[in-house]
Amino acid sequence: MTDRQIMTGDEIRRAIVRISHEIVEKQAGTQGLALVGIQRRGVPLARRVADAIEEHEGVQLPVGALDITFYRDDLSLVAQQPIVKGTDLPFDLNGATVVLVDDVLYTGRTIRCAMDALIDFGRPRAIRLAVLIDRGHRELPIRADHVGKNVPTSREEIVMVHVEEIDGSDEVTIGRQLRADEPSAAGNE
Amino acid sequence: MSGGIDASAAAAHLKGAAPSQDVVWHHRHLLDVDVLTWPEIELIMRTTDEMKGILARPIRKVPALNGRRVTTLFYEASTRTRVSFETAARNLSADVVSISTATSSVTKGESLVDTIRTLEALGAEILVMRHAVSGAPYLAAEVFGGHVLNGGDGWHAHPTQALLDLYTMRQHLPHGDLHGRKVAIVGDILHSRVARSNIWSLTAAGADLWLCGPATLLRGMDRWATAWATGAVPGHGRFHVTSDIDAAVSDADVVMALRIQRERMQGGLLPSLREYAARFGLNAARMALAKPEAIVMHPGPMNEGVEIAPDVAIGDRAVITEQVANGVAVRMALLYLLAGSHDASHIHETGHAPEAAR
């Protein structure tokens with residue numbers, strides 16, 4: 001693999017701080033806000049955004065985790081079922097402004113699944129989307145409200161977000177995909 | 001409980017000792033639990049946890065199997081298993097076709113193989129099947145192009161019941177660990193596919209398994225236990241066989257009563273139901289011998305007053321309705337895992353098909 005680093009740990013931290021300000025600015029405060037990370041790497045990112053908001057606003061926002069495995073439309077296409085990692089939404093979604101947080105926005109299909117899943121839990125007042133990386137190639141009419149970094153890519157490339165909580169370090173790399181069905185491509189859409 | 005694997009059970013049973021988080025499901029059919037490795041059983045348990053989460057939601061439905069076609073084909077009477085499978089399939093948004101043989105061409109003499117080919121031509125992808133002949137689902141798996149899920153075949157196997165029993169036991173035991181826990185199964189072991197499937201899963205879990213019943217209803221079990229104990233056949237663990245109910249129930253963590261299958265009681269296997277109830281019926285006095293926190297299970301349907309006293313069946317130690325509720329979640333997990341496994345269609349697995357089907 002000839003992975004190239006496109007974001008350092010510091011750059012990730014600054015992007016998250018900026019996104020946290022943008023989220024509060026767009027909402028004109030923190031009233032009614034909730035953050036929901038998409039499993040797996042969206043979850044630690046959502047916690048970090050919440051921590052950043054707490055730092056500059058002094059308000060602790062509810063943070064949830066969403067597993068979209070059962071909402072995917074490609075069960076028969078994946079070589080094996082993705083391991084289910086659990087959904088945990090410890091607050092009432094009804095009337096809340098939910099900010100979905102994910103690591104990479106690619107085709108948009110994960111986000112569509114996430115919206116389907118969220119709506120099964122209640123009726124949020126609004127759903128917004130924050131992603132660390134937007135790599136283009138959308139297949140659905142979906143866009144992010146808050147983007148850490150826009151990265152033009154080709155479909156053959158693979159963007160990997162590493163987070164301390166799961167991978168032991170913070171960085172974003174880009175490399176060539178070896179095989180279309182390579183396991184590391186999971187969560188990259 | 002990845003660490004809680006019985007060493008004796010593990011040796012032969014664990015085909016790969018990979019960390020349980022990385023288990024890949026490759027079974028195309030589920031005909032019995034004997035072909036499952038312990039990590040695969042744990043994968044089913046974890047997936048069931050997630051399905052329980054779905055059942056706790058305001059909307060108990062996810063689109064995971066949207067548009068997939070599940071057909072239930074029951075050659076034997078059933079309410080809970082059939083409704084449980086159909087509810088499970090609907091909760092995953094599958095389309096369900098339900099065939100009861102009393103109103104089908106089976107009554108015109110259509111063979112099992114023809115019926116299955118017809119169902120496949122009609123679009124069935126996952127076939128849930130119950131049959132009075134042991135091994136019938138193995139025959140079905142040979143001719144059917146999709147997935148076969150055994151909903152009970154003769155005296156042989158009832159894998160989803162064994163898995164929901166295991167799930168229910170784990171919910172009630174500290175850390176979900178059955179290792180060394182005493183599980184007594186009391187009743188008509190001879191005719192019980194529930195007991196046979198439970199032998200595989202409970203010994204794999206490391207439980208201290210006791211099978212108890214009148215000698216006439218334990219035939220063959222001694223030989224099975226001895227064959228495993230002496231290593232005469234590849235063993236997966238140990239279990240005890242006894243007609244002494246007090247010994248079986250004493251200090252038990254789990255006591256499971258099996259239904260006395262009146263329809264199979266020709267030929268003088270039992271002197272009378274009343275004598276059975278007196279000698280082997282699960283009543284409050286016998287349950288007093290078990291551990292104070294022991295749970296009472298029954299796969300249903302119950303003959304109250306025969307194998308289980310009414311006060312025990314509805315007592316606060318009974319988890320019989322939990323078993324039913326867990327059954328839906330376990331079946332959702334299995335439908336989900338099987339539906340995603342079509343890439344493994346080359347994998348041969350018929351386990352230990354009983355001769356009756358051949």
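Each reported figure results from applying straightforward, stated rules to the coordinates on display, with no laboratory input. Remember, predicted model here, so these are calculated numbers, not experimental data. Quick reminder, even Gly has a Cβ in these numbers, built from the backbone with ideal geometry, and neighbours come from all protein chains shown.
Side notes on the structure shown:
- Considering helices alone, the calculated mean residue ellipticity of chain B at 222 nm is -11000 deg cm²/dmol, with DSSP H runs of length four and up weighted by -39500 (n - 2.57) and normalised per residue.
- For chain B, the antiparallel share of DSSP beta bridges with both residues in that region comes to about 5%.
- In this calculation the C-beta distance from B:E142 to B:V233 is compared with R0 = 41 Å, giving a FRET efficiency of 0.95.
- Relative to the longest principal axis of the Cα atoms of chain B, the long axis of helix B:38-55 makes an angle of roughly 80 degrees.
- C-alpha long axis of helix A:42-57 to longest principal axis of chain A, angle in °: 40 degrees
- Note on A:T8 and A:K149: the model spin-label points, each 7 Å out from Cα along the C-beta direction, lie 1.1 nm apart.
- In a reduced charge model with +1 at each Lys and Arg Cβ and -1 at each Asp and Glu Cβ, region B:161-323 shows a dipole moment near 460 debye about its Cα centre.
- Most to least packed among A:162-169, B:161-168 [average Cβ atoms within 10 Å]: B:161-168, A:162-169
- Three-way shape label, region B:161-323, alpha-carbon gyration tensor, a/c 1.5: oblate
- Computed about its Cα centre, the charge dipole of the protein assembly as shown is approximately 1080 debye, with only Lys, Arg, Asp and Glu carrying charge at their Cβ.
- Rounded to 5, the percent of DSSP beta bridges in the protein assembly as shown classed as antiparallel: 15 percent
- Spatial extent of the protein assembly as shown: Rg and Dmax, with the Cα atoms as the point set, Å: 26.4, 82
- Gyration tensor verdict on chain A (Cα atoms; rounded if a/c is under 1.5, prolate if a/b is larger than b/c, oblate otherwise): oblate
- A cut-off under 11 angstrom between Cβ atoms defines the neighbours of B:V96, and their net charge, with Lys, Arg +1 and Asp, Glu -1, is +2.
- Phi-derived couplings, Karplus 6.51 cos²θ - 1.76 cosθ + 1.60 at θ = phi - 60°, listed residue by residue for region B:261-277: 7, 4, 5, 10, 9, 6, x, x, 6, 10, x, 6, 5, 5, 5, 4, 4 Hz, with x used for Gly and Pro.
- Spin-label model distance (nm) - A:Q27 vs B:A56, 7 Å beyond Cα toward Cβ: 2.5 nm
- Antiparallel bridge percentage (DSSP; both residues within region A:22-147; nearest 5): 5 percent
- Excluding same-chain neighbours fewer than eight residues apart, the lysines reachable from B:K61 by a Cα-Cα span under 22 Å are A:K85, B:K52.
- Residue by residue, region B:92-97 carries 3J(HN,Hα) couplings of 9, 6, 6, 8, 10, 10 Hz when phi is fed to the Karplus relation 6.51 cos²θ - 1.76 cosθ + 1.60 (θ = phi - 60°); x denotes Gly or Pro.
- Here the simple spin-label model places points 7 Å from the Cα toward Cβ, and for B:R274 and B:K108 these points are separated by 5.0 nm.
- Segment B:Q261-B:A77, length gained on full extension (0.36 nm per residue, minus Cα span): 65.0 nm
- Acute angle (nearest 10 degrees) that the helix B:320-339 long axis makes with the longest principal axis of chain B, alpha-carbon atoms: 30 degrees
- Taking 0.36 nm per residue of separation and subtracting the Cα-Cα distance, full extension of the segment from A:R176 to A:H137 would add 12.4 nm.
- Counted by neighbouring Cβ atoms within 10 Å, the residues B:L30, B:L43 run from fewest to most as B:L43, B:L30.
- Ranking B:L73, B:W200, B:L334 by Cα position along the charge dipole of chain B, where only Lys, Arg, Asp and Glu carry charges on their C-beta atoms, puts B:L73 farthest toward the positive end.
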